[in-house]
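The values are calculated or read from the model by the stated rules, or taken from the named source; none is laboratory data. Small disclaimer: the values here were computed from a predicted structure and weren't measured. All Cβ positions, even for glycine, are placed from backbone atoms using ideal geometry, and neighbour counts span all protein chains on display. Only protein heavy atoms, including side chains, enter the accessible area calculation; ligands, DNA and RNA are left aside. Shrake-Rupley method; radii C 1.70, N 1.55, O 1.52, S 1.80 Å.
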Amino acid sequence: MRLILTILGLIATVSAAIGGAVGALSTVFTGTSALQTGLIAAGVSLLALGLVNIPIVLLSQREMERLKRHVASSSEGFSEGAYRAPFWIRPVSEAFARAAGAWSDRIEGLQAKLRDVEIRHSVAEAERRSCEAILNSLRDAVLVTDPFNELALANEPAARLLGFDLTQAAHRPLDQIISDTSLRRLIDEVRQSSVVNKQKHVEHPLAANAGEPDDGGIFDITLTCLPDGHNGSGGVVTILRDVTREKEISQMKSDFVSQASHELRTPLSSINAYIEMLIDSEADSEETRQEFYAVIKHETDRVSRMIDNMLNISRIESGIVQTELVEVDFVKLGNEVVETLRPQAALKKITLHQKTGPLLYSAEADRDMMYQVLVNLIGNAVKYTPEGGRITLIVDNDETSRSVLVTVADTGLGIPPEAIENVFSKFYRIESYKRVAKGTGLGLNLVKHIVETVHHGQVGVESEVGMGSRFWFTIPYEFKCD
Ligand code: ADP
């Protein structure tokens, strides 16, 4: 650059000298005034400067253009061939080359760093995705909050349970996501306690949110405070496990045990009383003794029936019942039960009928269980129908539910409306019918369990006091496993 400036300086000096010389000569030979001489000298100097400079400027422009093209082509990754700069522009081109080399080194370094960052990013992204997949595969709801009490991570069950949109919830404050104030307070307390990695367990009821009304219930909540790397609290992991069903089952079990012991006490104390009377020789005649033995036998049978029913119900409830599925012909089976109970019905002059169409009425079911269902329903009809009544067993197909439909209709006492919804409950007996017939209050509950829990069918009753009852159940043609 200094060289170019020197050349331009020389050119200017030579032009000025030429201008001066021409001015002086014109004064000598033409006798012009000093002002005219100065103007002539300046004009000639400018002309000389222009004549010399224009080619130099054009040449420089052409060289600069070549240099620019070379730099541009090199930076775009292709070269138009080797460029050799003329001597007067070489320092500029060499400076360019050095700067380009330094830039290319820096770019390579940055590219390597970028590749490294990209690899780290894709590893972190894969880890995040697998972490999300693990969280979403859990049935329990999981929430992770950060030190600022904002949501860092959550899974689908948590979004469903607490009613927030998973895609919009990240990094939002908890009070904008969770409406349950007690749960928010719990999370906040654990975060502020800063007792890192110590778990806190709480049992907490959660109301169902509007979108998922089935999701409310009792939850076992585990809260763990996370470390933040500076001996402080980094956030909280909250796991919510639905224990509603477990609670219900344990409540059911304890109700069952207390009801069962209450129900067993009555026949057992009756047996005990009659045995004591026999021991104390209070039965003085053989006839009275026989009467006592009959009562003891009857009560013992009742206890044994009750125990059988209780065991069957609890096996079904706890899911350990074994089923042997076969194609059951309900007309044949119904006939068998009707013939077994006919003598019992005949004692009360009750007539037993069976109504069926010409088709085949069969479904896949456990035959012994179906036998028990029919014995309980027809047996009840016999028990709660006064003398001279009529019982009809109807076997039909219900194409809508693709099931066999069995109905036991009687002309008996009927069931009062307020008792209808209770007759399938454990140990429920209509108070005023207790004198009519002995029972355990477990028969219909067992029927419901066998039909609905084991065979995925349905059971129901329609009844009118004084007119009789229609108990019905359906068994799907094909057994469907859970
Ligand atoms: P139980 O051993 O007392 O018969 P169930 O569970 O079979 O027990 O029936 C529960 C109660 O429902 C019976 O005690 C009775 O009060 C009423 N019930 C059942 N079947 C009939 C029926 N066909 N007609 C009138 N009442 C009935």
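Before moving on, here are some points about what is shown:
- Extension gain, LYS434-ARG241: 0.36 nm per intervening residue step, less the Cα-Cα distance, totals 65.1 nm.
- Counting only DSSP beta bridges whose two residues both lie in the chain, roughly 90 percent are antiparallel.
- Shape index of the stretch 47-200: Rg/Rh, with Rg the Cα radius of gyration and Rh the Kirkwood radius from the inverse mean 1/r over Cα pairs, equals 1.45.
- Cα-based helix-to-principal-axis angle, 244-279 vs the chain, degrees rounded to 10: 10
- Relative protection proxy for 97-108, 436-447, from highest mean packing down: 436-447, 97-108 (other beta-carbon atoms within 10 angstrom).
- The packing ranking, built from the mean of other Cβ atoms within 10 Å per residue, places the peptides 356-369, 148-161 in the order 148-161, 356-369, highest first.
- Here the 3J(HN,Hα) profile of the stretch 135-143, calculated from phi with Karplus coefficients 6.51, -1.76 and 1.60 at θ = phi - 60°, is 4, 6, 7, 7, 7, 7, 7, 10, 10 Hz, Gly and Pro shown as x.
- Compared with the direct C-alpha span, the chain from GLU94 to ILE107 gains 2.7 nm at full extension, assuming 0.36 nm per residue.
- Here the 3J(HN,Hα) profile of the stretch 163-172, calculated from phi with Karplus coefficients 6.51, -1.76 and 1.60 at θ = phi - 60°, is x, 10, 8, 4, 6, 9, 8, 4, 6, 9 Hz, Gly and Pro shown as x.
- Looking at the stretch 249-318, the accessible area is 64 square angstrom per residue; that uses a 1.4 Å probe and ignores ligands, DNA and RNA.
- Stokes-Einstein D in µm²/s, Kirkwood radius over Cα pairs - the chain at 37 °C with 0.692 mPa s viscosity: 98
- Helix content alone sets the calculated 222 nm mean residue ellipticity of the chain: runs of n ≥ 4 DSSP H residues at -39500 (n - 2.57) each, divided across all residues, give -18500 deg cm²/dmol.
- These residues, MET467, MET64, go from largest to smallest accessible area, 1.4 Å probe, as MET467, MET64.
- Entries in LYS297/LYS438; LYS383/LYS426; LYS253/LYS383; LYS198/LYS247; LYS297/LYS348; LYS253/LYS426 that, when Cα-Cα distance is taken, lie over 20 Å: LYS253/LYS383; LYS198/LYS247; LYS297/LYS348
- For the chain, the longest principal axis of the Cα atoms and the long axis of helix 286-317 meet at an angle of about 10 degrees.
- Relative to the longest principal axis of the Cα atoms of the chain, the long axis of helix 330-347 makes an angle of roughly 30 degrees.
- Under 13 Å from the Cα of LYS113 - aspartates and glutamates, other chains or at least 8 residues apart: ASP105
- For the chain, the fraction of 1.4 Å probe accessible surface lying on carbon and sulfur atoms is 58 percent.
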